[in-house]
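Nothing in this text is a laboratory measurement; each read-out follows from the coordinates by a stated rule. Nothing here was measured: the structure is a model prediction, and the numbers come from that model.
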Amino acid sequence: LILLTGAAGKTGRAVMRHLAGRGCAVRAWVRSPAQVDPLKRLGATEVVIADLRDPRAALGAVRGVEAIYGICPNMSVDEEAIGGSLIAAARSVDARLVYHSVLLPRVEAMPHHWRKAQVEDALEASGIAWTVLQPAAYMQNLLQHRESIAESGVLPVPYSESAEVAMVDLEDVAVVAGRVLIESGHEGEKYELCASEIMNPKGIARVLSTYLGSRVVVREIPRGHWRESARRSGVSEQAIEDLISMFEYYERHGLAGSPDDLERLLTRPPGTLSDFLARELPTGP
Ligand SMILES: NC(=O)c1ccc[n+]([C@@H]2O[C@H](COP(=O)([O-])OP(=O)(O)OC[C@H]3O[C@@H](n4cnc5c(N)ncnc54)[C@H](OP(=O)(O)O)[C@@H]3O)[C@@H](O)[C@H]2O)c1
């Protein structure tokens, strides 16, 4: 039995689908009752509804569990506390904890990456059996721009069109999650999960243009405008500031990683952006 936290989110659903496809028994941890039926339809054996910030709930959620796939809420200031209670819960039942981190967590200039580095440190000091997955930015994030691409052929980005940012197909991440949860031999390992090609937004727009057969151009959005639009969409002030820090880092340094771990764990080349587009946008955006 595997406990999957953050199960109703973008990452959680992908991992859930994959684990169900492999015939695994999964206890999905969600936040609200409305998420129970969708998770059961995705193949969850059991669903627990609780707040991830409640350490007692974590101790209850791990009963009978052999492994935990720990996904923290996106941009959460509580990541260290949640990580800490998942570690304590894993210890209480002697379960393995696979922690969903991020590529280059040890960058203090990106606070939400840095918080994941603190959880990684806590895992290393914990004495429990752990594995860390460090995924690059998901290709799936591009889907938020479907409308803009379809209506005006514009890919908007709040950083330089030359910033090289590693990406990964979330479906590949889910395959690796399944493998490290089920197999032994991954204890104490950290795996970077990146596709083979690192592109800048200009390169992404070129691939989109070729795939769609119509011109897609990058538009750099001033970060002040991006901030206002994020506020209008209800994004919290803390998440906005953390994301702005990430855009500034991308602009200055990009986000680099190696595809070697992913290729070895998949035993095939990682999915490319073209593969991703053909699967997700078979009839265009
Ligand atoms: N996006 C990327 O490119 C990327 C790359 C690498 C790593 N990551 C990491 O992947 C993780 C998951 O990201 P995601 O995009 O899948 O997030 P997401 O779609 O926002 O999913 C997070 C889930 O956690 C739930 N949640 C939030 N607060 C909770 C709480 N207090 N108690 C219980 N559940 C709670 C949310 O519930 P609701 O559905 O009710 O909001 C949601 O279902 C993050 O840690 C992120 O840093 C993301």
How large is log10 I(q)/I(0) at q = 0.06, 0.07, 0.08 Å⁻¹ when the Debye formula is applied to the Cα atoms of the chain, each weighted equally and without solvent? -0.19, -0.26, -0.34
Global geometry of segment 235-283, whether rounded, prolate or oblate, following the gyration tensor of its Cα atoms and the 1.5 cut on a/c: oblate
Full-extension gain in nm, residue 221 to residue 162, via 0.36 nm per residue minus C-alpha separation: 19.9 nm
How are the C-alpha pair distances of segment 1-78 spread across 5 Å bins, as whole percents from the shortest bin up? 3, 17, 32, 27, 15, 5, 1
Output wanted: per-residue J couplings in Hz (rounded whole) for segment 176-192, from phi through Karplus 6.51 cos²θ - 1.76 cosθ + 1.60, θ = phi - 60°, x for Gly and Pro. 5, 4, x, 5, 6, 6, 8, 7, 8, x, 10, 5, x, 9, 10, 10, 7
Given the C-alpha centroids of segment 263-285 and segment 110-133, what is the distance between them in whole angstrom? 29
Using only alpha carbon positions, build the gyration tensor of segment 42-119, then give the equivalent ellipsoid semi-axes as the square roots of 5 times its eigenvalues, largest first, whole angstrom. 23, 13, 12
Using only alpha carbons, build the gyration tensor for segment 202-261 and give me the equivalent ellipsoid semi-axes, biggest first, whole Å. 26, 19, 11
When only alpha-carbon atoms are used, what values of Rg and Dmax, in angstrom, describe segment 164-211? 14.6, 43
Hey, could you pull the Cα Rg and Dmax for segment 1-42, both in Å? 9.1, 26
Give me Rg over Rh for segment 4-134, both radii from the alpha carbons and Rh done the Kirkwood way, two decimal places. 0.95
Using bins 10 angstrom wide from zero, how does P(r) for segment 107-163 break down, in % of all Cα pairs? 17, 33, 25, 17, 7, 1
Added length on full extension, which subtracts the Cα-Cα distance from 0.36 nm per residue, residue 283 to residue 51: 79.6 nm
Could you grab the relative contact order for the chain? Cα pairs under 8 Å, six or more apart, rounded to a whole percent. 17
Hey, could you get me the Stokes-Einstein D for segment 49-202, Kirkwood radius over alpha-carbon pairs, 20 °C and 1.002 mPa s, rounded to whole µm² s⁻¹? 127
Rh (Kirkwood; distinct C-alpha pairs) - segment 115-213, Å: 15.8
Rounded D (µm²/s) - segment 178-285, Kirkwood Rh over Cα pairs, Stokes-Einstein at 20 °C, 1.002 mPa s: 125
